[in-house]
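The values are calculated or read from the model by the stated rules, or taken from the named source; none is laboratory data. Please read all numbers here as calculations on a predicted model, not as lab measurements. In this analysis, Cβ positions are derived from the backbone assuming ideal geometry, glycine residues included, and neighbour counts consider all displayed protein chains. Note: areas computed on protein heavy atoms with side chains; ligands, DNA, RNA excluded. Shrake-Rupley method; radii C 1.70, N 1.55, O 1.52, S 1.80 Å.
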Amino acid sequence: MIDINNTKTKNIDIIHMKNEYLEVVVTNYGCTIMKFFCMDKEGQFEDVVLGYETVEQYFQCDAYLGGVIGRVANRIDQGTFTLDGKTYKLEINNPPNHLHGGNSGFNNQIFDYKIIDDVTVQFVYLSKDKEEGYPGNLQLTVTYRLENNRLVIKYNATSDKDTIINVTNHSYFNLSAKKENILDHYLQVKADEFACIDKNGLPTGWIEDVTRTPFDFREETRILDSIELPHPQVVLAKGIDHPFLFNSDTNQITLTDRKSGRRLVVSTTLPGAQIYTANYLEGKIGKYKQKYNPRDAICLETQFLPNEINIREDAEMILRKGKTYESMTSYCFDVIEDEKS
Ligand code: BGC
């Protein structure tokens, strides 16, 4: 079932998508997921993402809560890249680097949308040539579809010039419905490697084996037990804020809150994810008058390796004119049987 509410702002709507298992409240402003309800083991339907009550509160580009991020997610070194011998300069909105597509990234744009059927909404946005410094008119389609206990997001894009693209969703998950922070959540990531970052959060190109590091989530691990380890990379990022490189092409991330019993499995066609333990939240007030502090949520941002355009010769984030970018990420919610001790 899909219901639409207008907001105070012209051309911006709030769309309620609901089935037997999930309720997702999204807006065409940045395709932002404002609320995401799912059941706990007692059958309580609660909201498991951070967000704001009104769309207007998202206009300040605060922490990218729930938005679609692009044209290129995460940082680009000094806001510069070279493609086919031509150097492009992007906005430096996170000095000394470019972050999440700039101050007018996709999370701050109004998408057109249409309701495809009673479980599917399709958003479209034309990112014009030179928008935020990126080359090419990029036609982006983002499709949200409820399939039983899964939200499936499909991204599709074409450009009339060679360009770069790395889109993701920046939802902040807290499976306890914010009764606690996420330090007691358990995380499993099918990744043998992670990318090191510098003091500004920029991936340096140095890829490290996760073995004997706090980044080894190959077995389910309590987040607290990893984040407290005195590893220089965790200290530098004030927690986890790193790209993980998957060793599997399905069900790559599992997040579990044993108390509520809620489990989230993320599956994607993309090769990695930036995992971020909300290290830079600053105590702002969100919906339900809750205060958002570091560790209050975790972002599981599926994507190509950030800054890849300055790291690898044949970067996967390059989209050639006439080719189509396609990716899919799904968020599947269920409950585990009993709290393990
Ligand atoms: C980045 C963080 C950044 C945050 C902003 C994350 O995707 O990795 O470094 O501070 O987004 O909300």
Restricting attention to region 98-114, does a residue exist that is assigned to a loop (DSSP other than H, G, I, E, B) and more than 16 Å from the ligand (Cβ to nearest atom)? yes
Looking only at region 32-72, which residues are hydroxyl-bearing (S, T, Y) and part of a loop (DSSP other than H, G, I, E, B)? T32, Y52, T54, Y64
Close pairs (6 angstrom Cβ cut-off, 6 or more residues apart or separate chains): farther than 13 Å from K284 by Cα in region 42-59, at pLDDT below 95 anywhere: V55/T7
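A quick yes/no check of all residues on (1) buried (at least 16 other Cβ atoms within 10 Å of the Cβ); (2) aliphatic (A, V, I, L, M); (3) farther than 27 Å from Y288 by Cα:
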site: T32; (1), (2), (3): yes, no, no
site: R71; (1), (2), (3): yes, no, yes
site: I76; (1), (2), (3): yes, yes, yes
site: T82; (1), (2), (3): no, no, yes
site: D112; (1), (2), (3): no, no, yes
Residue selected from region 41-91 under the condition out of contact with any His (no Cβ under 7 Å at 6 or more places or on another chain) and hydroxyl-bearing (S, T, Y), by the criterion nearest to R312 (Cα to Cα): T82
Say we look at region 202-241 and pick out the residues that are farther than 16 Å from P306 by Cα and in a strand (DSSP E or B); which of these is farthest from the chain's Cα centre (by Cα)? D209
Within region 285-296, can one find any residue that is at pLDDT below 95, within 14 Å of the ligand (Cβ to nearest atom) and not hydroxyl-bearing (S, T, Y)? no
Please tell me if V266 is within 16 Å of the ligand (Cβ to nearest atom), within 15 Å of L187 (Cβ to Cβ) and not in a strand (DSSP E or B). no
Filter region 239-254 down to the residues that are among the charged types (D, E, K, R) and either buried (at least 19 other Cβ atoms within 10 Å of the Cβ) or at pLDDT below 95 (or both) and list them by number. D241
When the residues of region 1-31 are filtered to those that are part of a loop (DSSP other than H, G, I, E, B) and of a type in the set (A, V, I, L, M, F, W, C), which remaining residue is nearest to the chain's Cα centre (by Cα)? C31
Is there a residue in region 237-250 that is away from the ligand (no atom under 15 Å from the Cβ), among the charged types (D, E, K, R) and touching a residue at least 12 places away in the same chain (Cβ under 8 Å)? yes
Out of everything in region 169-195 that is open to solvent by less than 10 Å² (accessible area, probe 1.4 Å) and among the hydrophobic types (A, V, I, L, M, F, W, C), what residue ends up being nearest to the chain's Cα centre (by Cα)? F173
Search region 296-313 for residues that are farther than 14 Å from I207 by Cβ and part of a loop (DSSP other than H, G, I, E, B) and pair each with any residue that is open to solvent by less than 10 Å² (accessible area, probe 1.4 Å) and within 12 Å of the ligand (Cβ to nearest atom) when their beta-carbon atoms are under 7 Å apart and the residues are at least 6 apart or on different chains. D296/L50; D296/A278; A297/L50; A297/Y172; A297/A278
Over region 199-226, the set of residues touching a Leu at 6+ places or on another chain (Cβ under 7 Å) and buried (at least 21 other Cβ atoms within 10 Å of the Cβ) is P203, P214, F217, I223
